[in-house]
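Asks: Structure provided below as structure tokens; questions to follow.
The values are calculated or read from the model by the stated rules, or taken from the named source; none is laboratory data. Everything quoted here is computed from the prediction, not taken from an experiment. Here the Cβ is made from the backbone with ideal geometry for all residues, glycine too, and neighbour counts use every protein chain on show. Surface areas here come from the heavy atoms of the whole protein model, side chains and all, with no ligands, DNA or RNA. Shrake-Rupley method; radii C 1.70, N 1.55, O 1.52, S 1.80 Å.
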Amino acid sequence: MTKARDTANLTGSGVGLSLLDIDAGTDIGAALVDADLMIVDDGAGGTNRKATMSRLATYMGTKIGGGMEFIASSGAISNAASVAFTGFDAAKYDHYKFYFQHVIPATDNVYMVAHVSTDGGSSYDTTNGNYHYAGTGDNTGFEVTDKDGTGVGSDTNEFGLGGEFNLFAPHNSSAYTYADSYVMYNNTTAGSISSRNVHASMHLVAQDVDAIKFIFSSGNIESGEITMFGIVNS
């Protein structure tokens, strides 16, 4: 005997919800991606249209104000001179957070700074004095780790830098850009931890920042990973 759901009238007003059966479908067997399709009733007006999952992500971004969204990862760093991020979008994000996972310098006992760009990473501001830290101290970049204290170690049983770096409203071209970091790391004594609650600094140029580069004061970045997140506009 033919089941009712098998006799839907496909030439009439459409298939009612009670006739749909998705249970017997084949699972996608993979994570959803932007190009995957879904069906929506456009404006609840009875006209069905297709849409990509990327449209859903955009819609959710307008509903979850202040949420944190993954933007990019450096991947596994291998003897890199620096690590840069260009995924800035003032239309979507107010602020940015960066996380450091055992970022080890190739040279022992060095400190890390962050340089900013206003041309998408084509060039970076490395002018000493354009950044201040710990009050009015001059620097060539934002202070990520302590410039005046113990450096980040890379000797035996010293596993580099861990923690976070925050960049506040870098798109505001009428004000200085602020940054702070909360980090910990092995210093020049194996097994000893050097940390401070906050390394605060600012870029003393009022301009739209749209890229950032992390670099040690000397030598390359031997290994580790850095990830970038955006704080969604509220």
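Asks: Once the other residues with Cβ under 13 Å from the Cβ of Asp119 are scored (Lys, Arg +1; Asp, Glu -1), what is the net sum? All intermediate terms of the calculation are to be shown ahead of the outcome.
Replies: Values: positive: Lys213; negative: Asp125, Asp208, Asp210.
Net of charged neighbours comes to -2.
Asks: What does the charge count around Phe229 come to, taking other residues whose C-beta lies under 11 Å from its C-beta (Lys +1, Arg +1, Asp -1, Glu -1)? It would help to have the intermediate numbers written out before the result.
Replies: Values: positive: Lys97; negative: Glu69, Glu164.
Computed value for this residue: -1.
Asks: Could you tell me which of the pairs Lys147/Lys213; Lys50/Lys97; Lys92/Lys147 are separated by over 23 angstrom between their Cα atoms in the structure shown?
Replies: Lys50/Lys97; Lys92/Lys147
Asks: Ok, one more. List the residues, sorted by chain then number, that are 5 or more residues from Ile71 or on another chain and whose placed amide H is less than 5 Å from its amide H.
Replies: Those lying under 5 Å, H to H, from Ile71 are Met228, Phe229, Gly230.
Asks: Give the accessible surface of the chain per residue, rounded to a whole number of Å², with probe radius 1.4 Å and ligands, DNA and RNA excluded.
Replies: Value for the chain: 56 Å² per residue.
Asks: Another question about this same structure. Sticking with the crude label model, points 7 Å out along Cα→Cβ, report the distance from Asn79 to Ser218 in nm, one decimal please.
Replies: Label-label distance for Asn79 and Ser218, simple model: 2.0 nm.
Asks: A further question follows. Per DSSP helix of 4 or more residues, -39500 (n - 2.57); summed, then divided by the residues of the chain. What does that give at 222 nm, rounded to the nearest 500? Write out the running numbers ahead of the final one.
Replies: Details: 1 runs with 11 residues, N = 234.
Taken over the chain, the calculation gives -1500 deg cm²/dmol.
Asks: Say each of Ala24 and Phe159 gets a label point 7 Å from the Cα, pointing the same way as Cα to Cβ; how far apart are those two points in nm?
Replies: About 5.4 nm, to one decimal.
Asks: Something else: What fraction, in whole percent, of alpha-carbon pairs in the stretch 134-234 exceed 20 Å separation?
Replies: Working: 2176 of 5050 pairs.
The answer is 43 percent, as a whole percent.
Asks: Between Leu204 and Ser123, how high is the FRET efficiency from 1/(1 + (r/R0)^6) when r is the Cβ-Cβ distance and R₀ = 22 Å? Nearest 0.05.
Replies: Plugging the Cβ-Cβ distance into 1/(1 + (r/R0)^6) gives 0.80.
Asks: Which entry in [x] 82, 44, 30; [y] 62, 56, 35; [z] 49, 42, 35 is this structure's computed Cα extents along the principal axes in Å?
Replies: After the calculation, the listed value that fits is [x].
Asks: Would you kindly state how much longer the chain becomes between Ala35 and Tyr99 on full extension, computed as 0.36 nm times their sequence separation minus their alpha carbon distance, in nm to one decimal?
Replies: 20.2 nm
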